[in-house]
Amino acid sequence: MTTTRSFLFALALVPTLGFAAPDDANVNTLTAAEKSAGWKLLFDGKSLTGWHNFKKDDVRPGWQVKDGLLVCADPHNAGDIVTTEQFGAFELNIDYNISEGGNSGIMFHVTDEGVDPKTGKILDATKPAGEWNHVRLVVTPEKCIHEINGVKYFEYVMGSDDFKERVAKSKFASMPLFAKAAKGYLALQGDHGSVSFRNIKVRPL
């Protein structure tokens, strides 16, 4: 699939992809401590405010809010959604629950240029389809960390010699804008299967 966008990394969320699940009363909320620390809630559990489809002004009907969850209910009429706000350095926390055979992704530093690459997984710390998984991403110029359920998948420095060498050996080598943007939207993929998200929180760093 070819599109015109650029993002730094897409984390494939596959069904066999623990973090302590929050109490239902605390889903899609920020504690006083989180607010004080600068966290922002990207999904209020009630509306699609703050999101739009890539290169669109609204959200296609395949994305729905159901029972306090952000749900890709119809992948054929969903597409990728992005945040209204752009982020440079940040820490992101998000829970996801994916269907059997589903596939989705979390992207960052998304801009309105470039292409849409996909990644392969390195290890598997995820729970089975139908269970909630927790993703933590930390993105700064000094260090980037990707974790699922408390297990570190990746740690790297964007733009370092090692990073450039790895990109040069990957399928992203032919994508001139890959990993070049210093900031951009956060995006959730919505065209590969049913998936739900909740507790989407970001803290600019």
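Just to be sure, is Phe43 modelled with pLDDT of 80 or more, under 26 Å from Glu100 (Cβ atoms) and under 15 Å from the mean Cα position of the chain (by Cα)?
Spelling it out, Phe43 is indeed modelled with pLDDT of 80 or more, under 26 Å from Glu100 (Cβ atoms) and under 15 Å from the mean Cα position of the chain (by Cα).
Output the number of residues of the stretch 167-205 satisfying the condition of being of a type in the set (Ser, Thr, Tyr) and in a strand (DSSP E or B).
Qualifying residue count, the stretch 167-205: 2.
Pairs, please: C-beta under 9 Å, at least 6 apart or cross-chain, first residue surrounded by fewer than 24 Cβ atoms within 10 Å (Cβ to Cβ) and in the stretch 194-205, second of a type in the set (Lys, Arg)?
That search, which allows pairs on different chains as well, returns Ser196/Lys66; Lys201/Lys40; Val202/Lys40; Arg203/Lys40; Pro204/Lys40.
What pairs come up if the first residue lies in the stretch 142-154 and is within 15 Å of Arg166 (Cβ to Cβ), the second is among the hydroxyl-bearing types (Ser, Thr, Tyr) and at pLDDT 85 or above, and their beta carbons are under 7 Å apart, counting only those six or more places apart or on different chains?
Pairs that qualify, where the first residue is within 15 Å of Arg166 (Cβ to Cβ) and the partner is among the hydroxyl-bearing types (Ser, Thr, Tyr) and at pLDDT 85 or above, are Cys144/Tyr156.
Just to be sure, is Val71 assigned to a strand (DSSP E or B) and modelled with pLDDT under 80?
Criteria not met by Val71.
Residue-by-condition table, conditions (1) within 22 Å of Leu92 (Cα to Cα); (2) at pLDDT 85 or above; (3) polar (S, T, N, Q):
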residue: Asp116; (1), (2), (3): yes, no, no
residue: Gly120; (1), (2), (3): yes, no, no
residue: Glu131; (1), (2), (3): yes, yes, no
residue: Thr140; (1), (2), (3): yes, yes, yes
residue: Glu147; (1), (2), (3): yes, yes, no
residue: Glu165; (1), (2), (3): no, yes, no
residue: Phe172; (1), (2), (3): no, no, no
residue: Leu177; (1), (2), (3): no, no, no
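Is it the case, given these coordinates, that Val59 is closer than 21 Å to Tyr185 by Cβ, assigned to a loop (DSSP other than H, G, I, E, B) and either touching a Gly at 6+ places or on another chain (Cβ under 7 Å) or modelled with pLDDT of 90 or more (or both)?
Taking the combined requirement at face value, the residue satisfies it.
Filter the stretch 141-153 down to residues that are touching a Phe, Trp or Tyr at 6+ places or on another chain (Cβ under 8 Å) and either assigned to a strand (DSSP E or B) or exposed (fewer than 15 other Cβ atoms within 10 Å of the Cβ) (or both), then give me how many there are.
Here the count works out to 6.
The values are calculated or read from the model by the stated rules, or taken from the named source; none is laboratory data. None of these values were measured; they are calculated from a predicted model. Heads up, the Cβs are rebuilt from the backbone with ideal geometry, glycines too, and the neighbour counts pull from every protein chain shown.
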